Amino acid sequence: MRLSLGVFALLCAIVLDAQVYQRDATQWFTDTGIIKEIKPISTVEGDYYLFDAGQEANVHLTTGRKILGVKINYNIEFSQLILSHEKKNYGMDLDLIQHIELADGSIYHNSSNIENLEPRLLLKRIYDSENLTFYERKIVKVEEPNYNVAMNVGSRNTRITKSTTYLTHTKSNGKFLEFKPSMKGIRSLGYEKEIKSYAKLNDLSPKNLGDLVEIIKFYDKKKFGEG
């Protein structure tokens, strides 16, 4: 019995198709024309937290009560304290907190309980005198994905980066001054020539926290006298 040309072609196609489906998995996944890798559209680089890991702390509340020996972290973006207890995390609004003492002796203050500073900030106390207090502040910056499909350029990821600024709080008038850790940044304090000369004479750099504290101490004496 003779087969028509059309039937013969159909049978050949079925045989070839069967041979394709008999290929092993390695062949399937190396044939990018048939199966394509699915890549994540976007991921997040970085995080919103003040510490890389939980810190043991005593939390002093505005009510006068204390939470002692608890593991904490702080969400900078949302002004929320995270407390860990028995492998569970609990959130606490910053408004409820007076200050926090870490096991290493560091003190963090709620800015709204200092001079009702807005937005609410958790500030690390670095230096304190009769006239002023010097604080460290952490800031988060969120960069949204800017990937351009047509040009195949940019980033698919959301990037969260952290930076540091500093504040002085003058106790007599409640005034805060915020600045970046650089000679240009501390111009806002005043006494620019005197501070610059003092820093140069003593080889101090504002980018180094220890040196910056010495500069703030000099500024404190210059502005308010020896006490």
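If you filter the stretch 53-124 for GluC sites (Glu not before Pro), then keep DSSP loop positions with at most 11 other Cβ within 10 Å, what is left?
E86
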(message) Taking θ = phi - 60°, what integer Hz values does the Karplus form 6.51 cos²θ - 1.76 cosθ + 1.60 yield along the stretch 133-142, in sequence order, with x for Gly and Pro?
(response) 10, 10, 10, 10, 10, 9, 10, 10, 10, 10
(message) Please list, ordered by chain and number, the residues whose modelled amide H lies under 5 Å from the amide H of Y147; skip anything fewer than 5 residues away on the same chain.
(response) S155
(request) Count the net charge of all other residues whose Cβ sits under 13 Å from the Cβ of N75, scoring Lys and Arg as +1 and Asp and Glu as -1. (result) 0
(request) Show which lysines lie in cross-link reach of K141 when reach means a straight Cα distance below 18 angstrom and same-chain residues fewer than eight apart are skipped. (result) K162, K180
(message) What are the ³J(HN,Hα) couplings of the stretch 177-193, residue after residue, when phi is run through the Karplus curve with 6.51, -1.76, 1.60 and θ = phi - 60°? Round to Hz, x for glycine and proline.
(response) 10, 10, 8, 8, x, 8, 4, 5, x, 7, 4, 5, 6, x, 6, 4, 5
(message) Below 21 Å, Cα to Cα, which lysines can K71 reach? Residues fewer than 8 away in the same chain don't count.
(response) K87, K88, K124, K138
(request) Determine the gain in length on full extension of the stretch V44-E214; use 0.36 nm per residue of separation and subtract their C-alpha separation, reporting nm with one decimal. (result) 57.4 nm
(message) Neighbour counts of other C-beta atoms within 10 Å: give me D95, D52 arranged from fewest to most.
(response) D52, D95
(message) Spelling out what I want: for every residue of the stretch 59-70, take phi, set θ = phi - 60°, compute 6.51 cos²θ - 1.76 cosθ + 1.60 (Karplus), and round to whole Hz; glycine and proline get x.
(response) 9, 9, 8, 5, 7, x, 7, 10, 10, 9, x, 10
(request) Compute the length gained on full extension between R156 and L96: take 0.36 nm times their separation in residues and subtract their Cα-Cα distance, giving the result in nm to one decimal. (result) 17.8 nm
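Computed from the coordinates by the stated procedures, all read-outs in this text should not be read as laboratory data. Bear in mind that the values here come from a model prediction, so they are computed numbers and not experimental data. Please note: Cβ atoms are built from the backbone with ideal geometry, for glycine as well, and neighbour counts cover all protein chains shown.
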